[in-house]
Amino acid sequence: MKTVLVLLFFFGGIAQTLSQSFRVESSTISFFSQAPLEDIKAETDQSVGVFNADTGDMAFVIMIADFQFPRSLMQEHFNENFMESSKFPRATFEGKLGDFTRENGVQQTVNVSGIMTIHGVANQMKIPGRIRFDGKKIQMDAVFPIELADHEIEIPTLLFKKIAETVEVTVHMILKTD
Amino acid sequence: MKFLKITIVLILSFLFVQPLFGQKDLLQSLIDESESHVQKVTATFKGTRIINGHSVELRGEGNLDFMISHRFGALNSGGYNLFGLDNAHIRIGLEYAIWDRLTVGIGRNSFQKAYDGFLKGKLLEQQTGEGNFPFSMTVFSGLSYETLKRPDLELNFVRRLAYVQQLLIARKVSEKLSVQLTPSFVHRNLVPSGTDKNDMAVLGIGSRFKLSKRTSLNFEYFYRIDPDPTDVNHNLIAFGVDIETGGHVFQLHLTNAQSMTETSFLTETTGDFWAGDIFFGFNISRAFQLKK
């Protein structure tokens, strides 16, 4: 009898910690390109994502057409000429969080390794970032570079002074669980 | 007893163990979610003109387009006139997008020294995904005011005016091909002769075929519906090439119209294209973002 009760409590405990699936509640993803003739910055706050706090697995999807530019013509060219967003409407990332603890209120420096797919081309990446657990919410931040050539995004020679080969991506996300 | 305990343990363990999410399932379910996103079809045409006439495209709010258009003389005017290059008509214009869906424009043509102005409003947008809609529709309303001195005619303010209304209906058929229908209605207060009609309905068709990411081949034809039998004018026809570089769109074309304003080129195109009354011309537009 005692054994059964102990076992019941044991399995009951596991059941609680196993249902830890977090979804993106709000996010800001931006990129910055610095070149001699022009600086380009664009931002989107539309992203969907899921993070499993037990296994560290995560996946995110953003729609390329959701990036907002200060100049509307720049936004149109970004989609039509560079990203070809009618052919490749989204950028995705699926990866796994490296060593981390479930401690609340502590900002941890972590590494995420996974596959980043942009413009239809997938690349293995290792991204350094910060994560902070706050009970039912998680805050994630990362700043990392993306090489345009790695994803077959072409810059015509005429525009090389206006667009950088490497852009800096900044990610800020708040995820929550029910 | 031992058997019972083991059974209870096994049953409990099955009840409480969660199915593990594979990474692939995680991403795929998100992608499936994003499929239902409404996707607006953009860049049906590279610029706001197909060749002579307007396309369904409007610029984003705060954008100012500076437009320069030239139409040279007739190719069949011989080598002495450098096949028309000696002669040029020009239009300069400014077009400002007050909102994403509304653009106002003004221009001045050297042909007939006519000033023109217009309002262009986006009514419907082609969409894929959840909000599936097959075409884009823009409405165009313009007027022109001729200032050419005509001592032979008794002219006043009203007689110098002409109006045009157009409905621009376009569909991006594929990444390379876009097609537009332009039913138009022109009212001229003063017409060349007693038999000419003051009101004329014209049906335009235009298309663009993309050759590369930044270049395309364009075509335009405006068919006048039921003109007076003694009307000596022709239907407008034009063939052109578009080259887009960053903030500029360069359009080079051959057409039978020397005028660059709707009220004139829809109804008073004098050139007979197939007899060699072909005018080489170009449009250059440069976009400036004044505010976001």
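If you model the stretch A:36-178 as an ellipsoid using its alpha carbon gyration tensor, with each semi-axis the square root of five times an eigenvalue, the axes come out at 30, 15, 14 Å, biggest first.
Tell me, what is the Rg over Rh of the stretch B:139-291, with Rh the Kirkwood radius over Cα pairs? If you can, show how the numbers build up before the last one.
Working: Rg = 17.2 Å, Rh = 17.1 Å.
Across the stretch B:139-291, the Cα-based Rg/Rh ratio is 1.00.
Taking the C-alpha atoms only, the angle from helix B:2-16 to the longest principal axis of chain B is near 10 degrees. Candidate cross-link partners of B:Lys113 among the lysines, defined by an alpha-carbon separation under 20 Å and a same-chain spacing of 8 or more, comprise B:Lys149.
Could you work out [θ]222 nm for chain A from helices alone, using -39500 (n - 2.57) per DSSP H run of at least four and dividing by all its residues? Round to the nearest 500 deg cm²/dmol. Present the calculation step by step, with values, prior to reporting the outcome.
Details: 2 runs with 23 residues, N = 178.
The helix contribution divided over chain A gives -4000 deg cm²/dmol.
Shown here: the stretch A:103-178, whose C-alpha atoms stretch 51, 22, 21 Å along the first, second and third principal axes, sorted largest to smallest. Angle of helix B:23-35 to the longest C-alpha principal axis of chain B, folded into 0 to 90 degrees and rounded to 10: 40°.
Suppose only helical runs count, i.e. DSSP H with n ≥ 4. What mean residue ellipticity at 222 nm does that imply for chain B under -39500 (n - 2.57) per run, divided by all residues and rounded to the nearest 500 deg cm²/dmol? Working shown, then result.
Values: 3 runs with 32 residues, N = 292.
-3500 deg cm²/dmol, from helical runs alone.
Going by neighbour counts of Cβ atoms within 10 Å, the residues B:Val249, A:Val143, A:Val106, B:Val158 line up, fewest first, as B:Val158, A:Val106, A:Val143, B:Val249. Relative intensity of the protein assembly as shown on a log10 scale, I(q)/I(0) at q = 0.07, 0.12 Å⁻¹, equals -0.51, -1.04, per a Debye sum over C-alpha point scatterers of equal strength in the absence of solvent.
Calculate the mean, over all residues of peptide A:66-72, of how many other protein chain Cβ atoms lie within 10 angstrom of the residue's Cβ. Don't skip to the answer; put the middle values down first.
Values: counts 1, 0, 1, 3, 4, 8, 11.
Partner Cβ neighbours, averaged per residue: 4.
Which longest run of chain A has no exposed loop site in it, a site being GluC sites (Glu not before Pro) in a DSSP loop with at most 15 other beta carbons within 10 Å, and the site itself not part of the run? That would be A:39-102.
Per-residue 3J(HN,Hα) values for the stretch A:138-145, derived from phi via the Karplus relation 6.51 cos²θ - 1.76 cosθ + 1.60 with θ = phi - 60°, read 9, 10, 10, 9, 7, 10, 8, x Hz in sequence order (x marks Gly and Pro).
Taking other residues whose beta carbon is less than 14 angstrom from the beta carbon of B:Ile205, and scoring Lys, Arg as +1 and Asp, Glu as -1, yields +2.
An ellipsoid equivalent to the stretch B:94-208, defined through the eigenvalues of its Cα gyration tensor, has semi-axes of 34, 16, 11 Å when rounded to whole angstrom and sorted largest first. Taking 23 Å as the limit for the C-alpha separation, the pairs B:Lys46/B:Lys291; A:Lys41/B:Lys122; A:Lys87/B:Lys172 exceed it in the case of A:Lys41/B:Lys122.
Rounded to whole Å, the principal axis extents of the Cα atoms in chain B read 121, 40, 40, largest first. Charge tally for B:Asn109 (other residues, Cβ to Cβ under 10 Å; Lys, Arg +1; Asp, Glu -1): +2. The long axis of helix A:2-18 is offset from the longest Cα principal axis of chain A by roughly 10 degrees. Taking a Cβ cut-off of under 12 Å around B:Leu124, the surrounding Lys, Arg, Asp and Glu residues balance to a net charge of +3, with basic ones at +1 and acidic ones at -1. Take each residue of peptide B:38-48, count the partner chain Cβ atoms within 10 Å of its Cβ, and average: the result is 2.
Remark: the stretch A:80-178 carries a charge dipole of roughly 400 debye about the Cα centre, counting +1 on each Lys and Arg Cβ and -1 on each Asp and Glu Cβ.
Only the coordinates and a few stated rules stand behind these numbers; no lab work does. These figures come from a predicted structure and were not determined experimentally. Positions of Cβ are backbone-derived with ideal geometry, glycine not excepted, and every protein chain shown enters the neighbour counts.
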